[in-house]
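A short reminder: the numbers here are calculations on the coordinates, not readings from a lab. Everything numeric in this text was worked out from a predicted model, so none of it was measured. As a convention, Cβ positions derive from the backbone with ideal geometry for all residues, glycine included, and neighbour counts pool all protein chains shown.
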Amino acid sequence: MKRQRRTPGNKNPCRDRRRVGKAQRARRGAMGTACRPLPILRAGGLGRFLVLLWLMLLVGPLLAAEVRVSVDRNPVPLDESFTLTFSLQGEVQGQPDFSVLEKDFQVLGSSRSLRTTFVNGKMERQDQYLVSLMARRAGRLTVPPVSFGKVRSKPLVIEVTPPAATPANGKADVFMEVSVDRRDPYVQQQVILTVRIFHRIQWRQASLGEPSFRGGEVLAERLGDDRSYQAVRNGQTWQVIERRYALFPQAHGKLEMDPLVLDLQVPSGERPARRRSPFGDPFFDDFFSRQNYVRKVVRSQPLTLQVKPVPPAFSGRHWLPAHHLELREEWSAPLDQLRAGEPVTRTITLVADGVTKGQLPDLVMEEVPGLRVYPDEAAREERLGPKGVRAVETRKFAIVPVKAGSYRIPPLEIRWWNLEKDREETIRLPEHQLQVQAGAGRATTSAPPTAEPGVRNAPASRAAAPATPPVQAASELLLQREPLVRWLLAGNLALLLLWLATLSAWLRERRRSANAVPETKEAAGERRIDERKAWRALHQAAEGEDPAALRDALLEVSGMIWPEQPPRSLEALARRADEPLHGMLMQLSRQLYAGEAARWDGRVIEEEMKKLAKAAAGEKQESAAGALRPLYPA
């Protein structure tokens, strides 16, 4: 390999400076300064840079780390267990120290849940610690901060109420408790129904009936999944399964809830004669002997609601009882920078706690001269939370100014009844002033020069005249095509949602079929006997022309036709039927609840119900007796 010959053109001044004298070094002062290393690359500077980089890497994740704590129910009765959830956000290092909870709570156990999901192509990691606790005393107790390494959770206040009274049947192995948060609600006000099943034995094939009322229609919506915890009654520990419903009475007056029925199979306490095992060993004789189970029915205590009518003090047009109401809006552009012919979108959102989406009023905008308003279909949804049902309504309005000027958008007001303060209140959006400028190309053509009569000015007038129509034509074309584009997008979105709903229903039905428990011969025989009794009762009520008996028999038969989602009122049953059954059921309902004279034929109702049952049997399979999986004790 040839060594490169050094020439004056390729000398390294930084290397040769050692060989030159002071005079030459002075002349190369500027060059020598350029050859000095950067301060950050010196030994001391590089060390400080690495230390700073290390601190940034160490402190950065700690600043984003957070531990959030929540409780599954609050308040909680004394001698009943509850669950604390510690959710870890960011890079949290270190094991938790739950010993700080021992002062006011008894730690029954803890577990950790790690789950990774992908949402919109982004990976989300969920890390949670679940701690089962039981309070040591009643009152307002504070969950102290729990340390996870260098990160600590925030304190949480829990209201612990005195223990519930022991049931009269203290010797029972299974019993139920039902309670409501309010016994005198207004019409259409949300009522939280809590059902607790106490047990200390193992069972199988359990099913719990849905709540049904007499005296008026009540909408019932189940709130989430069942909860499992422990409770103490008279020094004995019970396993508890809790189920909650949101009730919405649709008529005022006295409503009576029938006792809830829990149908299950429990051990009989007797074993059949011991069968000899093929191994000839007494130890295996017990293994090959099966436990006998007997059917048991447990009923809860009845409940009574005294529903109040709409108060006279309410002056609104739409009755809306809620615990909390929120009204907000968003605009797609600043209101003082609008142009004629260019659309702006106004999005209005209404959030109400304690109401269903069917109770929400329609969000509308008043007409304003000079503005063209194109409203979209309102999007309504319901969200289930610890306090019941939350309804959300969102609606968008496309607003197109026709010409330049100033426009006033009037305020939007909604009157509602505040259940927390028991009074009428008004929530409103303020009025807005829209400042609209002329559209593009209108500034020079809005005031064309006046043409003098004569031949010389005529061409100028003819040339200036067509300047305005293209802008107007573009604006009109936008106004004509905008609804079409919106409808096309809405149609495509509706087809996509319909396809997703069909796919979800198919997967849910497939999973339900895979998890279904086969029906035993004894249960199938009892079911057929109950069906014959129900149809016989319907026939007798139809022949006797007794409205109340006919209503009860119709609802009993409907429960046999649709065991998973039985209708709880004549109106609900009528919505599933066609004419003439639909009209006769509505007439029967008016006669029972409104006292109106009605015309209906019991024999026709019976025949139409048989046709409806035959059609439903061809579309739907009978569900298994043990379909209520959460009621199986662990």
### Summary
For R68 and S315, extending 7 Å from Cα along the Cα-Cβ vector and measuring point to point gives, in nm, a value of 4.1
### Task
Mark the label point 7 Å from the Cα of R182 along Cα→Cβ and return the residues of the stretch 310-333 whose backbone N is within less than 19 Å of it.
310-326
### Task
Set the Förster distance to 35 Å, then compute FRET efficiency between T426 and S228 from the Cβ-Cβ distance, nearest 0.05.
0.20
### Summary
Per the 1/(1 + (r/R0)^6) rule, R0 = 35 Å and r from the Cβ atoms of E159 and E124, FRET efficiency to 0.05 is 0.60
### Summary
Residues whose modelled amide H sits under 5 Å from the amide H of R182, counting only those 5 or more places away in sequence or on another chain, are I192
## Note on the structure
Surpassing 28 Å at the alpha-carbon level, of the pairs K308/K387; K357/K614; K296/K533; K103/K421; K296/K611, are K357/K614; K103/K421; K296/K611
#### Entry: Amide N of the stretch 316-354 lying under 20 Å from the label point, which is placed 7 angstrom from the Cα of Q433 along Cα→Cβ
331-340
### Residue list for the stretch 89-103, given a label point 7 angstrom along the Cα-to-Cβ vector of R137 and an amide N cut-off under 12 Å
103
### Under Karplus coefficients 6.51, -1.76 and 1.60, residue-wise ³J(HN,Hα) of the stretch 65-71 in Hz, glycine/proline x
6, 7, 10, 9, 10, 9, 10
### Query
So, counting K/R as plus one and D/E as minus one, what does the shell of residues with Cβ under 9 Å around P145 add up to?
+2
### Task
Pull out the extension gain between S110 and T194, defined as 0.36 nm times the separation in residues minus the alpha carbon to alpha carbon distance; nm, one decimal.
27.6 nm
## Note on the structure
Going residue by residue through the stretch 396-413, the Karplus relation 6.51 cos²θ - 1.76 cosθ + 1.60 with θ = phi - 60° gives ³J(HN,Hα) values, rounded to whole Hz and with x marking Gly or Pro, of 10, 10, 8, 10, 10, x, 7, 8, 5, x, 10, 10, 9, 8, x, x, 10, 10
## Note on the structure
For 128-137, 360-369, 244-253, 68-77, ranked highest to lowest by mean beta-carbon neighbours within 10 Å, the order is 244-253, 128-137, 68-77, 360-369
### Amide proton proximity set for Q301, modelled H, under 5 Å, gap of 5+
V178
### Task
At 7 Å along the Cα-to-beta-carbon direction for both R510 and S87, put a label point, then send me their distance in nm to one decimal.
3.0
## Note on the structure
Long-range amide H partners of S81, meaning residues 5 or more apart or on another chain whose placed amide H is closer than 5 Å, are Q230, A231
